[in-house]
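Values quoted throughout were computed directly from the atomic coordinates according to the rules given, and no laboratory measurement underlies them. Not measured: the values here are computed from a predicted model. Backbone-built Cβ (ideal geometry, glycine too); neighbour counts: all protein chains shown.
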Amino acid sequence: MSVPAMHYIGLGFDWFFLILTIGGYFYILRKTGKRWNFMLIFAGAWTVMGISYVFLVSGISSGEWYITLLRTAGYVLFLAMILTAIMELTKFGKRVE
């Protein structure tokens, strides 16, 4: 069975973005001392999506239920990251005096 090149490209980009996100988190932490938790959620989303591509590259059909479950979990984590980023960066819910 031939694996489409698209799966290899997706796999490479997912793991590249994971490394970039974790590197960015530690860079910001070192420079500012701030812990931006949304970047860790972002890294988790890239990890889950990367795992789904590992399965696809290993020859598993893209129609399997666990691939769909992994992708859905990844998109939920992306949504959680966006909402957390909005809350952390705008100080939503924190009292400013």
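Values for this structure:
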read-out: Residue exposure sequence - T90, T21, T47 - by fewest surrounding Cβ within 10 Å; value: T90, T47, T21
read-out: nm² value of the averaged projected area, convex hull over the Cα atoms of the range 5-90; value: 5.6
read-out: Residue order, fewest to most surrounding Cβ atoms within 10 angstrom, among R30, R35; value: R30, R35
read-out: Relative contact order of the chain, pairs being alpha-carbon contacts under 8 Å that are 6 or more residues apart, as %; value: 31
read-out: Helix-only CD estimate at 222 nm, as mean residue ellipticity for the chain, using -39500 (n - 2.57) per DSSP H run (n ≥ 4); value: -27500 deg cm²/dmol
read-out: The chain: angle of helix 5-32 to the longest principal axis, Cα-based, in degrees nearest 10; value: 20
read-out: Simple Cβ-charge dipole of the range 5-90, Lys/Arg +1 and Asp/Glu -1, about Cα centre, in debye nearest 20; value: 380
read-out: Integer Hz, Karplus 6.51/-1.76/1.60 couplings in order for the range 35-42, x for Gly and Pro; value: 9, 8, 5, 5, 6, 5, 5, 4
